[in-house]
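Take a look at the structure set out below.
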Amino acid sequence: MTGPRQLHLGAFMRPVGIHTAWWRYPGAWPDANFNLKHLIRFAQTLERGRFDAWFMADHLAVLNMPMAALKRSATVTSFDPLTLLPALAMVTEHLGLIATASTTFEPAYMIARRFASLDHISGGRAGWNLVTSQAEDEAVNFGRDAHFEHGVRYDRAAEFHDVVIGLWDSWEDDAFLRDKKSGVWFDFDKMHILRHKGKHFTVRGPLNVARSPQGRPVVAQAGSSDIGMELAARTADMVFTAQTTIKEGQDFCNEMRSRVTNYGRGPEDIRIFPGIMPIVGRTETEAHEKYLELRSLVDDGVGIAGVARLAGGVDIHKCDPDGPLPPLKPSNAARARQEMIIAMGKRGMTIREIGRVLAMSQAHRVVYGTPKQLADDMQAWLEAGACDGFNLLFPHYPKPLEEWVTMVIPELQRRGIFRTEYEGKTFRENLGVPIPQNVHLKNRTSVQVPAAAASND
């Protein structure tokens, strides 16, 4: 006999509220993005609620938009993820810690080293959100006049991932002997030099960090375009996505699990997390009132600027905001997100209305109601095979997170669809995804390196 499927939960924590005006909500802590004490409290609250992971998105620029809009948005700045998460690792024991790091602008060796280090520091709780960087504004901060083309970015990302995996697997699990009597620190037979020479990268290796406590850090991916889904199927342990109906969720899950098998992986080797913004109230009326207040805080200038970023070069600011969305050119930024706003336009939404959806939840589904109603909704998605869990985008902090943990988590636990205790110590154990075999052992060709030659190759 097996029990009901278990729900997994992540929390979108960068910035600490995706609603662009979250900081104005009554009771919200407007300095939360840069207040370490607040962030520690949030992490410990998530762990008390038995969340799988803290997910820290990131971008490498202050996004280009009209100053009248930019100055109102709290989503422009935050800590560097790989600086913050080691600090949070020191005050938590089970919570997965996912940092975003770009394959477009970061060196592969440094990414491999930083995440392997975080995994050791946290005792096996690190996750890498593999992104290609979608904002055009980032390129000029790294010596480029324009962003790499969308397809090129994903081609680079696939090779970048292979380099990182090869470096993470530089050492076998038992490579370090530390034998005081013989004076041998590690077994050369169990060290593997990558010697990667590819289309985009040349990296020798090996990595100067031992293999991760959980085999490898968990890899997350958030691309929902066709090329993004293919990269996720090939590389990811978990996928963040943005479906708004159960049917859309089922189709996405079925397609993703089908693609996974093309790479010799099992359908259950990946976990799929649609994003939702939950608004909980003691009554449905209270929840609806909170929703309306959050809607009222949306700044139309910020929302329309968000539409403009996805317009593929079409000047949205010259259009009537209360008119229809014009035909758009293909975006070199977030293709899947552009497809979502095009679909909104086809449903008759105006530019202003689309902008309000983006400014509030980045087009993720907004769900409001009582703890029972929210649990009903999540259970329906889970049992329909439309998700493995959800990435929660709380509208502001701290109260919505605390209400979720004290009001909704007990309801999910009562139904037997959410853990009462963590399954293990590592992120992979709690997520229920396998430890991959060391890539160098699949076609076992051990590289033996004489001691004298080890530093001269």
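Remarks
- Output for the range 344-374, where each listed residue is charged (D, E, K, R), without any contact (Cβ under 8 Å) to a residue 60 or more places away in the chain and within 17 Å of residue 302 (Cα to Cα): 352, 353
- Of all the listed residues (168, 185), the sole one being in contact with a Ser or Thr (Cβ under 9 Å, 6 or more places away or on another chain) and aromatic (Phe, Trp, Tyr) is 168.
- Annotation note: of 114, 144, 153, the sole residue that is basic (Lys, Arg) and free of Cβ contacts under 8 Å to residues at least 24 places away in the same chain is 144.
- Number of residues in the range 137-166 that are open to solvent by 50 Å² or more (accessible area, probe 1.4 Å) and either in contact with a Cys (Cβ under 9 Å, 6 or more places away or on another chain) or of a type in the set (Asp, Glu) (or both): the value is 4.
- Counting only residues that are surrounded by 13 or more Cβ atoms within 10 Å (Cβ to Cβ) and either touching a residue at least 40 places away in the same chain (Cβ under 8 Å) or in a loop (DSSP other than H, G, I, E, B) (or both), the range 172-207 holds 18 of them.
- Pick from the range 327-342, criterion within 22 Å of residue 274 (Cα to Cα) and of a type in the set (D, E, K, R), ranking: most open to solvent (accessible area, probe 1.4 Å): 339
- Condition met for residue 239 (out of contact with any Ser or Thr (no Cβ under 6 Å at 6 or more places or on another chain), closer than 24 Å to residue 310 by Cα, without any contact (Cβ under 8 Å) to a residue 40 or more places away in the chain and open to solvent by less than 10 Å² (accessible area, probe 1.4 Å)): yes
- Taking the conditions (1) open to solvent by 30 Å² or more (accessible area, probe 1.4 Å); (2) touching a Lys or Arg at 6+ places or on another chain (Cβ under 7 Å); (3) within 26 Å of residue 208 (Cα to Cα) in turn, residue 83 satisfies each one other than (2).
- Of all positions in the range 313-324, at least one carries a residue that is without any contact (Cβ under 8 Å) to a residue 60 or more places away in the chain, open to solvent by 30 Å² or more (accessible area, probe 1.4 Å), closer than 18 Å to residue 137 by Cβ and within 27 Å of the chain's Cα centre (by Cα).
- Taken over the range 343-360, the criterion of being assigned to a helix (DSSP H, G or I) and over 13 Å from residue 309 (Cα atoms) is satisfied by 343, 344, 345, 346, 352, 353, 356, 357, 360.
- Of everything in the range 359-402 that is open to solvent by 30 Å² or more (accessible area, probe 1.4 Å) and among the hydrophobic types (A, V, I, L, M, F, W, C), the residue that is farthest from residue 291 (Cα to Cα) is 384.
- Across the range 69-79, a minimum of one residue is classified as farther than 21 Å from residue 279 by Cβ and among the small types (Gly, Ala, Ser).
- Restricted to helices (runs of 4 or more DSSP H) entirely inside the range 232-314, those with at least 2 residues that are at pLDDT 95 or above are 246-261, 284-296.
- Residue match in the range 31-48 (condition: at pLDDT 95 or above, over 22 Å from residue 425 (Cα atoms) and open to solvent by less than 60 Å² (accessible area, probe 1.4 Å)): yes
- Residue in the range 256-267 that is over 28 Å from residue 133 (Cα atoms) and either buried (at least 21 other Cβ atoms within 10 Å of the Cβ) or touching a Cys at 6+ places or on another chain (Cβ under 8 Å) (or both) present: no
- Exactly one residue out of 25, 109 is closer than 23 Å to residue 357 by Cβ and either open to solvent by 10 Å² or more (accessible area, probe 1.4 Å) or touching a strand residue (DSSP E or B) at 6+ places or on another chain (Cβ under 7 Å) (or both), and it is 25.
- Qualifying residue in the range 107-123 (condition: at pLDDT 95 or above, outside any helix (DSSP H, G or I) and more than 30 Å from residue 336 (Cα to Cα)): yes
- When residue 333 is tested against (1) closer than 22 Å to residue 74 by Cα; (2) part of a helix (DSSP H, G or I), exactly one condition is not met: (2).
- None of 304, 246 is open to solvent by 30 Å² or more (accessible area, probe 1.4 Å) and at negative phi except 246.
- Just one of (1) closer than 26 Å to residue 10 by Cα; (2) open to solvent by less than 30 Å² (accessible area, probe 1.4 Å); (3) in contact with a Leu (Cβ under 7 Å, 6 or more places away or on another chain) fails for residue 345. It is (1).
- Among the helices (runs of 4 or more DSSP H) confined to the range 374-457, the ones with at least 1 residues that are of a type outside the set (Lys, Arg) and modelled with pLDDT under 95 are located at 439-442.
The values are calculated or read from the model by the stated rules, or taken from the named source; none is laboratory data. Computed from a predicted structure; not experimentally measured. We place every Cβ from the backbone using ideal geometry, glycine too, and count neighbours over all the protein chains shown. For the accessible areas, the whole protein counts, side chains as well, though only heavy atoms, and no ligand, DNA or RNA atoms are used. Shrake-Rupley method; radii C 1.70, N 1.55, O 1.52, S 1.80 Å.
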